[in-house]
Each structure stands twice: as structure tokens, then as C-alpha cells.
Amino acid sequence: MKPLLLILALALALPVLAQTQTRRAQVYRCGLDGRDLRDSPCPGGSAASSVDYDQPSAADSKAARDRHFADSRQAAVLAQSRRASEAEARHLRAQAVGLQAPPPPAQAASAPQVTHLKPPKTAKPHKPSTAASDHR
């Protein structure tokens, strides 16, 4: 029974360990309370310490990227749906108020006769009379 529990515990623990890789970085804690982290030695000469951090595995990075793309596709679909419903609501409000576009004009039973209009005659300037120019 105990070997079975040990195998079961290992089987459950291995995927957890495979998800992230624990890495260490050498840092120098400087300043008040060691809040200033640097990768080079402090001016005061304090000793280096190690900081552990988790590096996501390639599978985790790919899964996060896939989730991001799926979310962006879903957001685009929702935005398109919202724009369509807002346009429909505007159309219905316009009909309720009476602001809809007028219907297209109905076709006449017979086509109107085409008449060609002559352009209006332009007034020509009057020639000065020769008698008026002789009175000088």
C-alpha cells in the first residue's frame, strides 16, 4: 500500500515540477532595508545574496499565448456584435421618432417627355452712336 501511495504522490508531483523552472539570480541588496536590488556590488560593499524566481516553461508560454489569441478573437467578435446591435437600436429609435430616411420616389406611369431648353439669349452691348461722340 505504501509503495502505491509513493508512486501516486510522485505521479502527481512531477507535472507540477515540470510546469516551471526555478532559477537563481545573484543580486546585491543595497539601500535602506535592502530594497534596492542591483546586479553589481553596492557602493557600501554589502555581500551578494541569491533570489529565486520561476521561469515559465515553453508549454506554459505557448498556452498563455494561445489564450491571448483566443481572447482577442472573442473580443473582436463581441465588438462586432455590439456594433451591429447598436446600429439596429439606432435604426429602431429613428423609426419610432420618425427620422427614418424617406422612401425612394415611386416611378411615374410614363416617362416624362424630354424637352430641350434653349439657353437664354445674352444681352449684347450697345454700340455707341457716332452722333454722341461728335458733341464734344
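Here, each number is a calculation from the coordinates, and none is a lab measurement. On a predicted model such as this, the values are computed, not experimentally measured, just so you know. All Cβ positions, even for glycine, are placed from backbone atoms using ideal geometry, and neighbour counts span all protein chains on display.
With the simple spin-label model, which puts each label point 7 Å out from Cα in the Cβ direction, the Q55 to H116 separation comes to 8.8 nm.
Hey, what D do you get for the stretch 57-99 in µm²/s if you plug the Kirkwood alpha-carbon radius into Stokes-Einstein at 37 °C and 0.692 mPa s? The partial results should precede the final answer.
On the way: Rh = 12.8 Å.
Translational diffusion coefficient: 257 µm²/s.
Determine, from the Cβ-Cβ distance of A76 and S40 and an R0 of 35 Å, the FRET efficiency 1/(1 + (r/R0)^6), rounded to the nearest 0.05. Given R0 = 35 Å and the Cβ-Cβ separation, E is 0.15.
Please rank L32, L37, L78, fewest neighbouring Cβ atoms within 10 Å first, as an exposure proxy.
Details: L32 6, L37 13, L78 10.
Fewest-to-most Cβ neighbours within 10 Å comes out as L32, L78, L37.
Report the calculated FRET efficiency for A87 and A63 (r = Cβ-Cβ distance, R0 = 30 Å), to the nearest 0.05. All intermediate terms of the calculation are to be shown ahead of the outcome.
Numbers: r = 37 Å, r/R0 = 1.22.
Computed FRET efficiency for A87 and A63: 0.25.
Note on T130 and R24: their simple-model spin labels are 12.4 nm apart, each label 7 Å out from Cα toward Cβ.
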